[in-house]
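Q: I have a structure I would like to understand better, so I am pasting it below and will then ask my questions one at a time.
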Amino acid sequence: MVTTTPYRSSVRDPRDGFAQLMLSEWTKLRSVPRWGLTMLAGVAVTILSGMLVAGGAGSSGSGSDGSTKGISPQYRDAGDYVHRVLLGDGSITVRVASQKNNDPWAKGGLMLRASTEPGSPYAALMITPGNGVRLQANFTTDIPGSSGRAPRWLKLTRQGTSVTGSESADGVTWNKVGTVELEGLRQGAEIGMFVASPDALNLRRQFGGEDLVETSNLGEATFDNVKVEPARPQQLPPWRGGGERAAPDATSFSLAGAGDIAMYHYATDATETMLTGAMFGMMAIVALAVLYLTSEYQHGLIWTTFTASPRRGRVLAARAVVLGGVTFVVGLVAAFATFLLASPMVRKGNAAPPALSDPQVLRAIVGTAALLALVAVFSLAVASILRRGAAAIAVVLLLLLAPLVAGSALPLAAAKWLERVTPAAGFAVQQTLERYDTAIAPLPGLAVLGVYTALALGYAIWRSGRRHA
Amino acid sequence: MIRTPLEGHAARPSPGAGARKTVPRRDDLGPLPFVASRGMEATIEVRELRKSYGSTVAIDGLSFTVRPGQVTGFVGPNGAGKSTTMRMLLGLDTPDGGVALVGGRRYRELRAPLCQVGALLDAGAFHPGRRARDHLLWIARSNGLPAKRVDEVLELVGLTTAAGRRAGAFSLGMHQRLGIAGALLGDPPMLIFDEPVNGLDPEGIVWIRDLLRRLAGEGRAVLVSSHLMSELEGSADHLVVIGRGRLIADTSVRELLDRASDGRVAVRTAQCLEALTVLAVDGATVAAGGPDSVTVAGLPVERIVTLLSDGGVSFSGVSEHRPSLEEAYMELTRNAVEFHATAGQVRAW
């Protein structure tokens with residue numbers, strides 16, 4: 001028998017940690033030119049389709065009377081407002097004598113606001129035909145009072161930056177409705193009576209889109225017993241607005257106005273529309289993520305991978321980190337480029353165009369990158385479980401896109417449910433406005449996709465160590 | 001020594017022998033009935049290995065050892081279980097019973113395995129769109145090997161000029177070289193090659209033979225499988241022959257050839273009849289080997305020459321019969337087939 005000194009490897013200090021695995025997977029990913037081209041195609045499709053749809057992404061609707069100009073399409077700030085300047089603390093009292101019942105949410109009452117600029121801070125105490133007395137502020141605060149209707153007494157009191165609303169049936173016994181804080185309220189504030197009434201909406205959801213017709217709906221109300229305190233008639237400026245100029249000592253008004261002072265749930269989300277291109281770019285990402293894995297089975301490379309790194313779960317984890325990271329960076333470039341190139345093409349409306357300075361827009365852009373990264377990792381996990389490229393691509397696209405396509409044909413409640421519980425919930429992260437058909441808030445939506453991804457990847461990792469290669 | 005499978009079972013070392021050394025183990029693999037010692041650093045070993053796929057028994061109690069410093073040929077017909085055994089050695093498949101060890105450990109327990117075991121399983125295992133250099137680079141990086149190792153192994157297998165080309169454009173011979181380069185990246189003391197000669201041209205066969213000899217000469221344990229014994233002629237020192245998942249022979253090449261030659265001598269002569277008569281002496285077996293040759297067994301060459309000369313028989317040559325490895329193998333497997341027929345009956349009983 002031959003006796004020999006056993007050979008010892010000349011390679012000093014080899015390491016097979018997670019960092020080495022990641023570098024190895026990155027080398028794999030970057031060295032197949034076709035994959036790089038697929039990724040580029042995904043970016044190009046995202047940007048181009050974003051630019052194509054941007055033209056139809058302008059704000060629409062009938063809140064087009066200039067009074068909503070320059071504010072987010074999320075809000076409507078229009079109506080008939082008779083007002084005067086109130087310096088410092090004080091109050092206004094009025095009796096709403098009558099109100100036309102043309103909409104449950106027709107509004108008539110008192111409003112104090114920082115200025116007459118659309119979108120400026122306000123507090124409004126109002127009577128509605130269908131929703132009782134309400135104290136609302138800055139579009140988002142809504143405090144219900146009694147369910148009384150006109151005629152009814154209302155009082156708005158300012159003290160510093162807090163504004164308190166009270167109501168009374170007889171002008172003698174007062175009940176407090178609530179107090180709101182208005183940040184940035186200065187010494188001089190506008191105070192007065194307002195009337196508004198939301199547009200009548202005719203919404204038709206149809207397969208693949210929606211058709212919205214808004215008709216202006218004039219609200220009317222009459223006010224008397226107007227009293228502003230402190231009563232310093234010689235110092236009070238005249239009433240302004242509402243198309244009429246009243247004497248400083250006028251105490252009765254009749255107002256009529258369309259438009260609304262509230263959140264608006266039917267605006268087109270221009271940012272989301274621009275970023276829908278990511279849905280098409282995503283298909284390239286899904287294909288790439290699946291091929292990245294299944295090509296190793298196809299070419300027998302999986303054995304090479306597992307002999308170099310026998311801990312299979314770690315290999316899959318490293319793949320997921322590398323693929324997710326690369327997709328996130330590429331997705332970020334694609335989303336930013338889409339926004340920068342497509343936003344100049346958005347049809348100019350009254351509402352402010354989306355801007356990068358808006359945290360919601362920024363969240364949608366970065367969120368789109370995160371969405372693509374999660375989709376890539378999800379595809380990788382599904383591919384690892386199924387091991388068949390075509391099947392994996394079909395399953396992933398079905399789970400991601402079918403709820404969106406089917407949703408547009410289903411009743412709203414069913415559509416919302418689908419978009420909440422399926423991986424398609426991840427697309428919610430592209431929203432910058434809250435709409436009537438919003439199924440889930442942006443970050444929770446992304447989290448739903450994150451949970452699906454984590455479960456799929458966890459199962460794939462658990463399974464990889466136990467399965468025949 | 002030629003061991004039958006039954007003798008192979010008896011040759012099992014006792015589990016408690018030698019100094020115990022703690023081997024990290026995975027819970028699901030169970031305890032190792034084996035002790036890793038320094039002498040096992042570069043030894044490949046399978047013991048009592050069993051593997052079934054469904055009702056098909058692929059490996060049936062296989063045991064053998066591949067020692068450092070020599071090329072061990074792993075031979076058997078297609079489907080004999082060679083690749084399955086190698087896959088279990090490389091941790092790609094889990095045995096149903098027994099152990100497959102490299103350097104005294106299970107493959108999955110190795111750290112930076114490329115520096116301990118190099119493997120070529122499938123010469124077609126590469127992505128056609130990837131450059132040869134990148135293919136080796138990702139393998140190297142997974143074990144933290146320096147990039148210069150990639151250039152070194154490319155040079156070693158003669159692919160330096162093709163390093164920038166996509167592997168899909170390579171010839172079959174270049175694929176084999178690329179696969180071998182991958183196996184050598186970690187400069188490992190143990191090498192496992194599955195059919196490395198398959199599909200090579202004569203030049204490639206000579207190249208592989210020289211490479212295998214050189215690698216073994218450096219003190220590495222080299223296990224090379226083939227379904228053709230002739231491919232291993234001139235490179236293998238030792239042979240492990242299997243059939244239907246069982247060991248048929250575990251022998252050095254020299255022993256096998258000596259045994260197969262049986263001391264037969266071939267005599268070339270035009271006077272066959274006369275030669276037969278003269279040589280038919282006590283203790284000799286004589287047979288006509290053809291129109292102008294006679295085969296003699298049981299007589300040394302010197303005696304044959306004397307007998308022929310004394311008998312006045314003219315002859316043009318006397319040579320010891322040297323069987324080729326292929327012939328020796330055929331003889332061996334013929335016996336094995338008979339053995340299997342018997343074994344099959346026993347099992348059916």
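The values are calculated or read from the model by the stated rules, or taken from the named source; none is laboratory data. As the structure is a prediction and not an experimental result, all values here were calculated from the model. A quick note on method: Cβ atoms are made from the backbone with ideal geometry, for glycine too, and the neighbour counts reach across all protein chains shown.
Q: So which residues in the stretch B:294-312 are touching a helix residue (DSSP H, G or I) at 6+ places or on another chain (Cβ under 9 Å) and among the small types (Gly, Ala, Ser)?
A: Answer for the stretch B:294-312, where residues must be touching a helix residue (DSSP H, G or I) at 6+ places or on another chain (Cβ under 9 Å) and among the small types (Gly, Ala, Ser): B:311, B:312.
Q: Taking into account only those residues within the stretch B:204-232 that are away from chain A (no Cβ under 14 Å) and acidic (Asp, Glu), which is surrounded by the fewest Cβ atoms within 10 Å (Cβ to Cβ)?
A: Per the criteria, the residue is B:210.
Q: Looking at B:79, B:73, B:97, B:103, which one is within 11 Å of chain A (Cβ to nearest Cβ) and out of contact with any Cys (no Cβ under 6 Å at 6 or more places or on another chain)? Steps first, please.
A: On the way: B:79 fails: within 11 Å of chain A (Cβ to nearest Cβ); B:73 fails: within 11 Å of chain A (Cβ to nearest Cβ); B:97 fails: within 11 Å of chain A (Cβ to nearest Cβ).
Testing whether each residue is within 11 Å of chain A (Cβ to nearest Cβ) and out of contact with any Cys (no Cβ under 6 Å at 6 or more places or on another chain) leaves just B:103.
Q: Which of the numbered conditions does residue B:224 fail, given that it passes all the others? Conditions: (1) closer than 30 Å to residue A:316 by Cα; (2) modelled with pLDDT of 95 or more.
A: Tallying (1) closer than 30 Å to residue A:316 by Cα; (2) modelled with pLDDT of 95 or more, residue B:224 fails exactly one: (1).
Q: From the list A:278, A:256, A:337, A:250, exactly one residue is crowded, with 21+ Cβ neighbours inside 10 Å and either at pLDDT below 90 or among the small types (Gly, Ala, Ser) (or both). Which is it?
A: Among A:278, A:256, A:337, A:250, only A:278 is crowded, with 21+ Cβ neighbours inside 10 Å and either at pLDDT below 90 or among the small types (Gly, Ala, Ser) (or both).
Q: Is at least one residue of the stretch A:272-284 of a type in the set (Val, Ile, Thr) and more than 14 Å from chain B (Cβ to nearest Cβ)?
A: yes
Q: Something else now. Please tell me if residue A:45 is away from chain B (no Cβ under 14 Å), out of contact with any Cys (no Cβ under 6 Å at 6 or more places or on another chain), at negative phi and modelled with pLDDT under 90.
A: Criteria not met by residue A:45.
Q: Could we say that residue A:345 is more than 14 Å from every other protein chain (Cβ to nearest Cβ), touching a helix residue (DSSP H, G or I) at 6+ places or on another chain (Cβ under 6 Å) and closer than 18 Å to residue A:52 by Cα here?
A: yes
Q: If you don't mind, another one. Within the stretch B:141-163, track down each residue that is on the phi > 0 side of the Ramachandran plot and over 26 Å from the mean Cα position of the chain (by Cα). Break it down into steps so the answer makes sense when it comes.
A: First pass over the stretch B:141-163, keeping only residues on the phi > 0 side of the Ramachandran plot: B:144, B:158.
Listed by number, the list holds a single entry, B:144.
Q: Follow-up. Mind counting the residues in the stretch A:7-24 that are within 7 Å of another protein chain (Cβ to nearest Cβ) and not in a loop (DSSP other than H, G, I, E, B)?
A: Residues flagged as within 7 Å of another protein chain (Cβ to nearest Cβ) and not in a loop (DSSP other than H, G, I, E, B) within the stretch A:7-24 amount to 4.
For every residue, the table says whether it meets (1) surrounded by 18 or more Cβ atoms within 10 Å (Cβ to Cβ); (2) touching a residue at least 40 places away in the same chain (Cβ under 8 Å).
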position: A:366; (1), (2): no, no
position: A:379; (1), (2): yes, yes
position: A:384; (1), (2): yes, yes
position: A:390; (1), (2): no, no
position: A:397; (1), (2): no, yes
position: A:406; (1), (2): no, no
position: A:419; (1), (2): yes, no
position: A:428; (1), (2): yes, no
position: A:432; (1), (2): yes, yes
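Q: Kindly evaluate residue A:425 against the criterion of being away from every other protein chain (no Cβ under 14 Å) and touching a helix residue (DSSP H, G or I) at 6+ places or on another chain (Cβ under 9 Å).
A: yes
One line per residue, one yes/no per condition, for (1) at positive phi; (2) without any contact (Cβ under 8 Å) to a residue 60 or more places away in the chain:
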position: A:152; (1), (2): no, yes
position: A:162; (1), (2): no, yes
position: A:171; (1), (2): yes, no
position: A:174; (1), (2): no, yes
position: A:187; (1), (2): no, no
position: A:194; (1), (2): no, no
position: A:199; (1), (2): no, no
